[in-house]
Amino acid sequence: MKKRDLISIQDLSTKEIFYLFDLAARLKKTKSLRAMPLQGKSIGLLFQKPSNRTRVSFEVGISQLGGNCIYLSPEEIDLGKRESTRDVAMTLCRYLDGLIARTHSHQDVVDLARYASIPVINGLSDLSHPCQGLADLFSVKERFGKFKGIALAYVGDGNNVCHSLMLGASKVGLQMRIATPNGYEPRADIGEAAKGFAKTSGAKITLSHSPEEAVQGVQVIYADVWVSMGQEAEYEKRLKDFEGFQINAGLLKKADKDYIFMHCLPAHRGQEVTDQVVDGPHSIIFDQAENRLHVQKAVLMFLMGDG
């Protein structure tokens, strides 16, 4: 069987996404598995960026599925500098049964998948964060039981998380309204791909520069940091450019009364969102964080085990 990678949500069909959600739901209910789908397998975590949720959820998930996890830090493998990405990929696939990569450059993940004969999962790149996007969509379905008739407002930077949410929403039929400051829109090619998928699913993806317009009547409000890792030099400029894009009590008055608030974390409290919202009764950020574990276990089984 030809090996499969997860570099972008574009790599999955709509049917496969819903299969992963069903499997994740079963795994979440099951405290222990009789069969160990990753038993005897070693999975590498090649991380070029620090991580809390991605590293811990993958390490725990691999362990719960019976596999062995090997963490490879930036100091051990400096892609393209200490050793070429091609050579890293072709070496690691002689030892490992799967690889999860968290990189600065999306091209590094693409190249790892190109040269490795084992499945490669994108654990985050500058373009895409598919595991986060899948866990987010699973969290929406878990809360509402459906995607049809549900609208999600993403307020902030048109970044890697936004890209993955756009692609996922367009495949499952979720309405998504994106509000960014001028100059921070998601990439046009990602938008075009999402529009193409939306024609089949019935989703609608809209872009604006108005948070008030985006959140009007929505059931889901999503925020992410304004300054991501690697953008520290732009800190002051970004804080100024994102004025008016904070998720706060005033903005949320325009949402549906039963809205939920989501954030991929870490949150910069007092910047993109207030403490009142993060810690409020509508926030599901820690349910969302937990769901990374269950969805990623489903992905691991699908690509590397008996899923």
- Query: Are any of the residues in segment 255-274 of a type outside the set (D, E), in the same structural domain as Y184 (by TED's automatic domain parsing), under 29 Å from I118 (Cα atoms) and modelled with pLDDT of 95 or more?
  - Reply: yes
- Residue selected from segment 187-230 under the condition of a type in the set (S, T, N, Q) and either within 18 Å of A169 (Cα to Cα) or over 19 Å from the mean Cα position of the chain (by Cα) (or both), by the criterion surrounded by the most Cβ atoms within 10 Å (Cβ to Cβ): Q219
- Query: Which residue pairs have Cβ atoms under 8 Å apart, sit 6 or more places apart or on different chains, and have a first residue in segment 265-282 that is under 22 Å from M229 (Cα atoms) and a second that is assigned to a loop (DSSP other than H, G, I, E, B) and charged (D, E, K, R)?
  - Reply: E272/D224
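Would you be able to tell me the number of residues in segment 23-35 that are closer than 21 Å to E290 by Cα and either surrounded by fewer than 18 Cβ atoms within 10 Å (Cβ to Cβ) or of a type in the set (F, W, Y) (or both)?
Residues meeting the conditions: 8.
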- Task: Please tell me if A203 is over 23 Å from A298 (Cα atoms) and in contact (Cβ under 8 Å) with a residue 60 or more places away in the chain.
- Result: no
- Collect the residues in segment 95-124 that are touching a Lys or Arg at 6+ places or on another chain (Cβ under 8 Å), polar (S, T, N, Q) and under 15 Å from D78 (Cα atoms), keeping them in residue-number order. T103
- Within segment 65-76, is there a residue that is in contact (Cβ under 8 Å) with a residue 40 or more places away in the chain, in contact with a helix residue (DSSP H, G or I) (Cβ under 7 Å, 6 or more places away or on another chain) and under 24 Å from A289 (Cβ atoms)? yes
- Query: Can you name every residue in segment 255-277 that is under 18 Å from V140 (Cβ atoms) and surrounded by fewer than 21 Cβ atoms within 10 Å (Cβ to Cβ)?
  - Reply: D256, K257, D258, Y259, L265
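The values are calculated or read from the model by the stated rules, or taken from the named source; none is laboratory data. These numbers come from a predicted model, not from an experiment. Using ideal geometry, Cβ is built from the backbone for each residue, glycine included, and neighbour counts are taken over all protein chains shown.
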